[in-house]
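As structure tokens, the structure follows; a few thoughts come after it.
Laboratory data are not the source of any read-out in this text; all were calculated from the coordinates shown. Small disclaimer: the values here were computed from a predicted structure and weren't measured. Neighbour counts run over all protein chains shown; Cβ positions are idealised from the backbone, glycine included.
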Amino acid sequence: MSGGLVARLRTPLRQRADLSEVLAGSWTALSAAELARRPVHLERDGATPLGEIFELNGEPEGRMRFVGDLELIDRLAAGLNEGEVTVEGSLGSEAGLALAGGTLDIQGDAGPRAGAAPLGFKRGMTGGELIVRGAAGAEAGAGMRRGLVVVGGRAGDRAGLGMIAGNVVVFGSAGADAGLWSKRGSVVALGAITPPPTYSYACTYQPVHLRLLLTRLGGRYGLPVRPRHLNGFYRRYSGDMAELGKGEILAWTAK
Amino acid sequence: MKIRGVFIEDTFAEAFTMRVARIVITARSNRWVRAAALKLTGFATSVIGCKVEAGIERALSARETPDGRPGTSILLMTMGKDDLAKRLVERIGQTVLTCPTTACFDGLPDATDRVGVGSALRFFGDGFQMSKVIAGVRYWRIPVMEGEFLVQEKFGTLKGVGGGNFLILARSPDAALGAAEAAADAMAAQPGTILPFPGGVVRSGSKVGSRRIKSMIASTNDAYCPTLRAVTKSALPDSVNSVLEIVVNGVDAPSIASSMRAGIHAACHDGVVAISAGNYGGKLGPHHFHLRQIMAGA
Amino acid sequence: MKGLQQLRIVGGAVHDPTNGIDGEVRDVCIENGRVVAALPDGAPTLDAGGMIVMAGGVDIHSHLASSSCNHARRLLPEEHAAEPAPAPLLEDGAPARSGTGGTVPSTFTTGYRYAGLGYTTVFDAAVAPIMARHSHAELEDTPCVDGGFFALMGNDEYLLRLIASGERGRSRDYAAWLLGATGAYAIKIVNPGGIEAWKSGQRNLNSLDETLTTHGVTPRAILETLADAANQLGLPHPVHIHCNNLGMPGNVAVTLASMRALAGRRAHFTHAQFHAYGGPGWSSGAVPLMEYVNSHPELSIDVGQVMFGPAATITADGPVEYLLHKSSGRKWVNIDIELETGCGIVPILYRDKAAVSALQWAIGLELFLLSADPWRVVLSTDHPNGGSFLSYPALIQLLMDRTVRGERLKQINPKLLAGSALADGLTREYTLNEIAIITRAGPARLLGLQQKGHLGPGADADVTVYSRDPDIARMFATPRYVIKAGTLVVEEGQLRRAPAGRRLHVRPGYDDALLPGLQKHFQAYSTVAFDNYPVRGIRDEPIPL
Amino acid sequence: MTDDRVEQVTCLGCGCGCDDIAVTVREGRIVDTSPPCPLGRAWFGDGSVPWQVLRGGQPVAVEEALTEAAEMLVRSRGRVLVYVGVDLSSQAQRSAIALADLLHATVDTATSETAAAGLLAGQRRGRATATLGEIRNRADVLLFWGVDPVLRYPRFHSRYAPEPPGVGIPEGRAGRFVIAVNIGADRAPPGADATITLEASEEIGALSLMRAALRDSRPAELPPPFKQAADLLPRLTGARYAVLVHDAEPTAEPRNPLRVEGLIALAQALNGPTRAALCSLRAGGNRPGAESVLTWQTGYPMAVDYSRGYPRYEPGLRGLNRLETGGFSAALVVGSPDFSAGTTSALARIDTIAIGPRATQASFNPRLAIDTGVAGIHDGGTGYRMDEVPLSLRPPLRGQRSTVEALGGLVKGIRLLGQPA
């Protein structure tokens, strides 16, 4: 990705940092200087301007790239509703919490509750695309109402917990209770998955819409979509029967 | 003006603004793409009797379709936008939804005027349908006995042009047909256009209204019927014994002009006396395709 | 806490309907927290020239300080997160409190916001007796307003037993004991018998004479018993009734039947809008209801207007909340409370494009506009059930400005409005004096608060001063000055001081012969010791009866 | 020598909130409590607590300590943690939270390490519950989900259910059907009318399947452990009033974090065919009181951070954990919590003030410590029972200093210094 604003961590973080306010609201039209003044909430030292923690180069123009060891950063792009945010590395917890639009592309791993609903909230993501190229912690995409979460590696337990609608795509294996208590929405598993007992097996088929979705993931994000994923068969499970029963798990199968 | 000895009359084709939609049908194999496309575009020659004019625009390779399967693009045209929405729902519902392995996508993603299609067809799912938003576009997955029918929620519509035409005036029926076939073949590959009539060719050119029945919108174009040369005010030179018309619709005027150019070029053969065009004196349609201008640009 | 000892509010147009003053320019004199006839020359003045002066607002029916409210608060973190409320900076340096908003704001924020609206007296309309201690604590943390609450009695096990055995006098004594034990202000009935029916498996009672099978009593008997009790005890406020079948199509029949059952007795019927639906489908029942109310001076109502937007339904009426949960799919709290009452909570959204919401909105306005006697038809939204109290100014505008009302009417879903009086065109516009009646003078009179709702000598110095503004909603939303018990609490829309309010409660006498039986009941069935039940140490003395 | 006998004292030894305790006091010491209950006896002890005020371990006048505490808090360069304990009346908890607001501090309570999962699930779904009086008087079917109350809530059986007779259950235990569900090592009561045993890994599936069966969406074929759970349903739906009982407090056994949400959802769903409530057992002290006060003052029941000048909800990262990672430069601990070794050593690294019962004996050696009374033993006020019914506290002993008083003094001291920016 060329252009855009590059935020490089000045010195390694020694305390957790909450970045939920940095990309809140409309940020893509701001200048680098304006964004530099937005607060990062440091665990111990409190509100600190972004520019003191990150060296900023370039202008946003709708794009921002974070560089450095970012594992102590929580809630990056929480509530994001515009722009493209790339993270070169791994993030802490609640990355892309309640994402509403735009794209958060994490090259490394994400901690727990990536793209989830804030704790205690019924509704999570309402739009946008969250790409975790590595592994994701527990409850990725929990409570999602709309949008897309992709986990390139392994997804922790309870991915897509209580989904209202939307898509969670897991390339690696999915942890326990994926899709549990979903009302609608899809968990697409390209790796191993054990559906909860309140999901009922329906059939093995080739869902056409997955060709669209996976083609896009390969094309737009360069994710490792293989011909076997595009042309292969999927086991469809309907659930969660404890809720509306209008959701599904689509599990790729070698047949 | 003459092309390969064929006289190009100094006249123009008069065409109308129509609403156009482009739909893309994909399927497991070309067999089912073709099956759906032929049914979908059947009985869709003229809005006068068919409510919609439709034709296959071109075949699409697997690389060109949204789902990476073979497909085809089709244009459907009506006089108004609401009408177009109804026709799309009717035709896609009856001929694509029903056809094994197909899916149906909008081919005008940039058009801002959009009409609901999947949003109406979804009700066939009886509450079991599911919607998916992929890359900001909503699709409906409608469960069917074979699996799922995937159809886009909304289809774009543009202001297109319908009724581009030219007439092939020939010495013999064989010469007219040969020239028309050559023209239709040449025009089939033109992007953004369709030839809504059988094989792309019309033998029953019409004039506006009727001499005898007031309510009739159109009746035979007696001035171009060779058999009536003796009883009507004929427009045909003496040597002409058969006339065929090519009608072309398209997404815009330049596509039609370029299609007509290719068609006329191909039609100018031995046995063809002249190329003419149908118009209503320029009072009815906003688009005028002057044959000589078109051909001069070749 | 006194703030200003003396203050002369000068030059304002005073709307004090209790004392027959309708916009006359005159001074209002305040001394030591009370309105006085005159002040010596040289007393400090507040210039209200060109402004409008009214008594502080009185909310007769709100849900702001109860365990049920607190459960609703807890249920709505999404709303709180969306509306943080930093602490205001007070002029006297007293530490003010931060909080959060939403349909059920935190207590301090609630107090500040009521004051910011010019309201200085508020009652919580539904408190489970065993939770009274909780309400007193919440009220202590709700500054700027005097307040109290009504105790829920219409489904109380012991009362139902007394009624079943025909002991009306003892019922009255028990009600009196319960009021005193809880520090409540009035008797509240919610869905008489229906909550017990919900809890005991009968699900609900749908008419006035359907028998509650566990006790063999009817809603009619409950209504009569408690209405008589309130009147015989000489309570300042008569029995406060939430009828059976709230929110159901056709419920105006049971509402009218309830009114007829109490004909000749003082009684207040609350959030009448929710009880004024024609049937069998959805339609307005406002016309027959108001015909009855207009011709029966012993009755009063508050409207319970629905305002479009988010709301939280909080009620003791458990069965109705279950149905709302099932039909809306929204989250749902039900708490069955200690053989006394219940609690149900469902957050909802009133949409102007939704046919039923639009009908509810229209019916509320019809009740207002068809009212012949504003003294008996009080402004309320049943906060936060029909909408937040913060929407009162917008509601006042709808009443005062038929153009605004007409424009709004055009935007709403008309599907169920056939035959609605509002849709047929009600041209009435409330005057400022009528607004003063339905927002302070009327409710104060109905509550029996002799020192509230007016500006005559002896009245509590609760005063709201509005700057004239052609935008009525803005005018009522941002009073220029609000004075609470003589203290200037709001100035130019800013909170300046946040004094604690007074507790308003009663302690009627009763026949001690009640106690042995009651103690036995406690011993057999209660989980709390009889002696530990009453709330003690309420800061303010009870209102003398 | 005469004994004083104080009747109808409320015990906060567990969440049962029994208010029928007779306490015998001799020479300022509690010598007996009745009825005998191991947790009650442990709670009251002999009622003796220290009444000291210490600075750096040395006695100091309380006014001086409060002034210094105010300075320490106001001048703190980093964030301040206010920990609100459970052995406090609601009035004391109110004062502590007011202080946190004033200081723009972070509030933590016992809730975030104990009952948080239930509160969060309740925020997502709501809940169907009942006060203990309703359970006592109506519950004809009781299902104990992985808990035997007798161990941690000794009088629950005899005061609330299943033993006592009630309005709708005149026969007492004989009028109630008791179902025991053992979950791995979490055992339900012995002697139930029906007992099933599930592996921990089967628990969530079983809860969900019961709900699916209520919707007639139960898969036709179920593996045996799920089948026995689903087969319990007719018992529950056939009840007049079914009560599901679970322990909202953690035990030594690891527990699936979804258990409580599964139970909440099941109890709600059972209200279609019948009436049902979920009973969440809570441990001793005034735990629900802290949640209640926090909720009315901030909108949130736990884990509130005032550092931005208004309450923010931070249930994902509890204050004590942040303390251990160095998140705070000062802490005010109100009440006497039993902190872990990690918390204790983290507190040793920062400025600490303890105000509350046995503050001067706190394991973390606070810089300043002010002893106050224990709620319900020396301090009066309100304590909340596990079902959130507020109870009047009737202290049998006279204390020398109430927590509310001490905190009031601290607020005064802070106001004299001016509020922090």
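Quick one: compute the contact order of chain A, relative version, from alpha carbon pairs under 8 angstrom and 6+ residues apart, as a percent.
Relative contact order, chain A: 11 percent.
Multiply the residue gap between C:Arg351 and C:Arg260 by 0.36 nm, knock off their C-alpha separation, and tell me the result in nm, one decimal place.
Using 0.36 nm per residue and subtracting the Cα-Cα distance, I get 29.4 nm.
Among residues other than D:Thr372 whose Cβ falls under 14 Å from its Cβ, what is the net charge (Lys/Arg +1, Asp/Glu -1)?
With Lys, Arg at +1 and Asp, Glu at -1, the net is -1.
Using a cut-off of 12 Å between beta-carbons, work out the net charge of the residues near C:Arg402 (Lys and Arg +1, Asp and Glu -1, C:Arg402 not included).
Value of the local net charge: 0.
With labels modelled as points extended 7 Å from the Cα through the Cβ direction, what inter-label distance (nm, one decimal) is found for A:Glu52 paired with D:Asn365?
My value for the distance between the label points is 3.3 nm.
Taking the Cα centroid of the range D:329-400 and of the range D:5-24, what is the distance between the two, rounded to the nearest whole Å?
20
On alpha carbon coordinates alone, what is the Rg over Rh value for the range D:198-248, Rh being the Kirkwood radius?
Checking Rg against Rh, the ratio lands at 0.97.
Relative to the Cα centre, what is the charge dipole magnitude of the range A:1-96, using +1 at the beta carbon of each Lys and Arg, -1 at the beta carbon of each Asp and Glu, and rounding to the nearest 20 debye?
That gives the range A:1-96 a dipole magnitude of about 160 debye.
Which net charge results for the neighbourhood of D:Arg322, defined as the other residues with beta-carbon distances under 12 angstrom from its beta-carbon, given Lys and Arg at +1 and Asp and Glu at -1?
-3
If each residue's Cβ is checked for other Cβ atoms within 10 Å, how do C:Met54, B:Met1, C:Met307 rank with the fewest at the top?
B:Met1, C:Met307, C:Met54
Once you keep just the Cα pairs under 8 angstrom separated by 6 or more residues, what percentage relative contact order results for chain B?
Over chain B, the number comes to 26 percent.
Of the DSSP beta bridges with both residues in the protein assembly as shown, give the percent that are antiparallel, rounding to the nearest 5.
If I count the DSSP bridges inside the protein assembly as shown, around 55 percent turn out antiparallel.
Let me see the pair-distance distribution of the range C:345-454: every alpha carbon pair, 10 Å bin width, integer percents in order.
For the range C:345-454, the binned pair fractions read 14, 43, 32, 10, 1 percent.
Could you go through the range B:25-41 in sequence order and give the Karplus-derived ³J(HN,Hα) for each residue, using 6.51 cos²θ - 1.76 cosθ + 1.60 with θ = phi - 60°, rounded to whole Hz, and x for Gly and Pro?
Per residue, the Karplus-derived 3J(HN,Hα) values read 9, 10, 7, 4, 9, 4, 4, 7, 4, 5, 4, 5, 5, 5, 5, 4, 8 Hz.
Relative to the compact globular guide of 2.2 N^0.38 Å, what is the alpha carbon radius of gyration of chain B, as a ratio?
The value comes to 1.08.
How much of the calculated P(r) for the range C:9-135 lies past 27 Å, in percent of all Cα pairs?
Result for the distance tail: 39 percent.
Apply the Kirkwood formula to the protein assembly as shown: the hydrodynamic radius equals the inverse of the mean of 1/r over all pairs of different alpha-carbon atoms; give it in Å with one decimal.
By the Kirkwood definition, the hydrodynamic radius is 36.5 Å.
Would you mind calculating the relative contact order of the range A:169-252 from Cα pairs under 8 angstrom and at least 6 residues apart, reporting the percent as a whole number?
It rounds to 40 percent for the range A:169-252.
Given the options B:Lys154, B:Lys81, B:Lys132, which has the most mean-square fluctuation in a GNM of chain B, springs set between C-alpha atoms less than 10 angstrom apart?
Sorting by GNM fluctuation, first place goes to B:Lys132.
Could you check which residue among A:Ala189, A:Ala33, A:Ala98 shows the biggest mean-square fluctuation in a GNM of chain A with a 10 Å Cα cutoff?
It is A:Ala33.
Test of understanding: ordering A:Glu248, C:Glu79 by Cβ neighbours within 10 Å, fewest first, what list do you get?
C:Glu79, A:Glu248
Among B:Thr41, B:Thr102, B:Thr220, determine the one that fluctuates most according to a GNM of chain B built with springs between C-alpha atoms less than 10 Å apart.
Taking springs between Cα atoms under 10 Å, the residue moving most is B:Thr220.
If you restrict to DSSP beta bridges whose two residues both lie in chain A, what percentage is antiparallel, to the nearest 5?
35
Okay, which of the range C:307-327 sit inside 18 Å, backbone N to the point 7 Å along the Cα-Cβ direction of B:Arg138?
None, by backbone N distance to the label point.
Of D:Ala115, D:Val49, D:Ala180, which is farthest on the positive side of the dipole of chain D, counting Cα position, with +1 on Lys and Arg Cβ, -1 on Asp and Glu Cβ, and the Cα centre as origin?
Working it through, the farthest residue towards the positive pole turns out to be D:Ala115.
Could you estimate the translational diffusion coefficient of chain C from the Stokes-Einstein equation, with Rh from the Kirkwood formula over C-alpha pairs, at 37 °C and 0.692 mPa s, in whole µm²/s?
After rounding, the answer is 141 µm²/s.
Each label point is 7 Å from the Cα along the Cα-to-Cβ direction; what then is the distance between the points at B:Ser29 and B:Glu9, in nm?
About 4.8 nm, to one decimal.
Nothing charged except the Cβ atoms of Lys and Arg (+1) and of Asp and Glu (-1): what's the magnitude of the dipole of the range C:144-263 about its Cα centre? Round to the nearest 20 debye.
The calculated dipole for the range C:144-263 is roughly 100 debye.
Binning at 5 angstrom from zero up to the longest distance, how are the C-alpha pair distances of the range C:247-345 distributed in percent?
Cα pair-distance distribution for the range C:247-345, in percent: 3, 12, 18, 20, 20, 15, 9, 3, 0.
So what's chain D giving for Rg/Rh, alpha carbon basis, Kirkwood Rh from the mean inverse pair distance?
That ratio equals 1.01.
How far apart, in nm, are two points set 7 Å out from the Cα along the Cα-to-Cβ line at B:Thr17 and at D:Ser345?
About 8.1 nm, to one decimal.
Name the long-range amide H neighbours of B:Glu57: under 5 Å, sequence gap of 5 or more, or other chain; modelled H, no Pro or chain starts.
B:Ser73, B:Ile74, B:Leu75
Checking the a/c ratio against 1.5 first, then a/b against b/c, what shape does the Cα gyration tensor give for the range D:116-281?
rounded
Over the range D:73-130, how many percent of alpha carbon pairs lie in each 5 Å bin up to the one with the longest distance?
Once binned at 5 Å, the Cα pair distances of the range D:73-130 give 4, 16, 19, 18, 18, 15, 6, 2, 1, 0.
So who's got an amide H within less than 5 Å of the one on A:Gly79, skipping anything under 5 residues away but keeping other chains? H placed 1.01 Å off N, in plane.
A:Leu97, A:Ala98, A:Leu99, A:Ala100
Give me the percent of DSSP beta bridges within chain C that run antiparallel, rounded to the nearest 5.
60
Per DSSP H run of at least 4 residues, take -39500 (n - 2.57); add these up for the protein assembly as shown, divide by its residues and hand me the 222 nm value, nearest 500 deg cm²/dmol.
When only DSSP H runs of four or more count, the value is -7500 deg cm²/dmol.
Can you sort A:Arg75, B:Arg292 so the residue with the fewest Cβ neighbours within 10 Å comes first?
Fewest-to-most ranking of A:Arg75, B:Arg292: B:Arg292, A:Arg75.
For the range A:75-253, what class follows from the C-alpha gyration tensor (a ≥ b ≥ c being the square roots of its eigenvalues): rounded when a/c is under 1.5, otherwise prolate if a/b is larger than b/c, else oblate?
Oblate, since a/c reaches 1.5 and b/c is not below a/b.
What residues have an amide H closer than 5 Å to that of A:Val169, excluding those fewer than 5 places away on the same chain, when H is modeled at 1.01 Å from N in the peptide plane?
Amide H neighbours of A:Val169, under 5 Å, 5+ apart: A:Val149, A:Val150, A:Val151, A:Val188.
Return the FRET efficiency for the residue pair D:Asp46, C:Arg539: r is the Cβ-Cβ distance, R0 is 30 Å, and the value is rounded to the nearest 0.05.
So the FRET efficiency works out to roughly 0.30.
Which FRET efficiency, nearest 0.05, do D:Arg75 and A:Arg228 yield, Cβ-Cβ r, R0 56 Å?
Taking R0 as 56 Å, the efficiency between D:Arg75 and A:Arg228 is 0.30.
Placing +1 at every Lys and Arg Cβ and -1 at every Asp and Glu Cβ, with all other atoms neutral, what dipole size does chain C have around its Cα centre, in debye to the nearest 20?
Around 600 debye, computed over chain C.
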